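Following: one structure in C-alpha cells, then a few remarks.
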Amino acid sequence: MASRHGATAEIGTAVADVLRADGHVVDEVEPEEVADLTGYDAVVLGSAVYTAHWLPAARDLAARLAPQLRERVCWVFSSGLATQPAASANSPHELRVLMADIRAVGHRAFAGRLRRADLAFAERAIIAGARAKEGDHRDFDAVRAWAGQIADELRARAGSVTSTPAS
C-alpha cells in the first residue's frame with residue numbers, strides 16, 4: 001500500500017487480515033520494495049489519493065510490473081478525502097488507464113483520515129482550499145466487507161490462488 005501518513009496502510013492491513021482469516025498467505029509490502037511477483041497468484045494494490053492522483057510509488061509499481069500484474073488476478077483500492085465537495089477528488093485521474101493496463105478485477109474507493117498535524121505546510125494549504133474535514137472517516141466495516149468479497153472470489157478460484165501480496 002502506498003501510504004504517506006499511514007491511514008491507507010491501515011486499510012491494507014485490514015484487507016490482509018480478512019484474507020489471512022480466510023486461509024490465504026498474505027505479504028504486506030511497500031510498493032517500492034516489490035521487484036517481482038513470482039510466487040504470487042493475486043495482488044491487492046492500494047494507494048492514498050493526493051490532489052486527485054495515486055502516490056507515485058503505487059503508480060510506479062503498476063507501470064513496472066504491468067506484464068506480471070496482467071498474469072494475476074488483481075484488485076486496487078484508493079483512500080482519500082471523503083468530505084471533499086468534489087466527488088472526483090477521490091477518483092484518481094490515472095486510475096481508469098492503470099486498471100485497464102494491469103487488467104484489474106475491480107476498484108474500491110474508501111474514505112480516508114485527515115490529521116492536519118501530520119501534514120506538511122504545502123499539504124495543509126491544499127487541504128484548506130479543499131475544505132476537507134479533519135478526522136478519521138474510514139469505514140472499516142466496508143473495508144472488511146470488500147476484502148470478504150475478494151476472499152470469496154479467491155476461494156472460487158480455489159487451487160490456483162495460494163498467496164497474495166498486498167502492496
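The residues in the stretch 33-68 that are part of a loop (DSSP other than H, G, I, E, B), in contact with a Leu (Cβ under 9 Å, 6 or more places away or on another chain) and either open to solvent by 60 Å² or more (accessible area, probe 1.4 Å) or under 21 Å from Ala14 (Cα atoms) (or both) can be counted, and the count is 4. Does Val18 fit the bill of being open to solvent by 10 Å² or more (accessible area, probe 1.4 Å) and in a strand (DSSP E or B)? The answer is no for Val18. The conditions of being charged (D, E, K, R) and touching a strand residue (DSSP E or B) at 6+ places or on another chain (Cβ under 6 Å) are met by Glu28. Val143 - would you say it is at pLDDT 90 or above, surrounded by fewer than 18 Cβ atoms within 10 Å (Cβ to Cβ), β-branched (Val, Ile, Thr) and on the phi < 0 side of the Ramachandran plot? Criteria not met by Val143.
Touching a residue at least 40 places away in the same chain (Cβ under 8 Å), within 19 Å of Glu153 (Cα to Cα) and aromatic (Phe, Trp, Tyr), is that true of Tyr40?
yes
Checking each residue in the stretch 69-124 for being open to solvent by 60 Å² or more (accessible area, probe 1.4 Å), part of a loop (DSSP other than H, G, I, E, B), among the charged types (D, E, K, R) and modelled with pLDDT under 85 picks out only Arg115.
The values are calculated or read from the model by the stated rules, or taken from the named source; none is laboratory data. A quick note: this is a predicted structure, and the numbers were derived from the prediction, not measured. Heads up, the Cβs are rebuilt from the backbone with ideal geometry, glycines too, and the neighbour counts pull from every protein chain shown. What goes into the accessible areas is simple: the full protein's heavy atoms, side chains included, and nothing from ligands, DNA or RNA. Shrake-Rupley method; radii C 1.70, N 1.55, O 1.52, S 1.80 Å.
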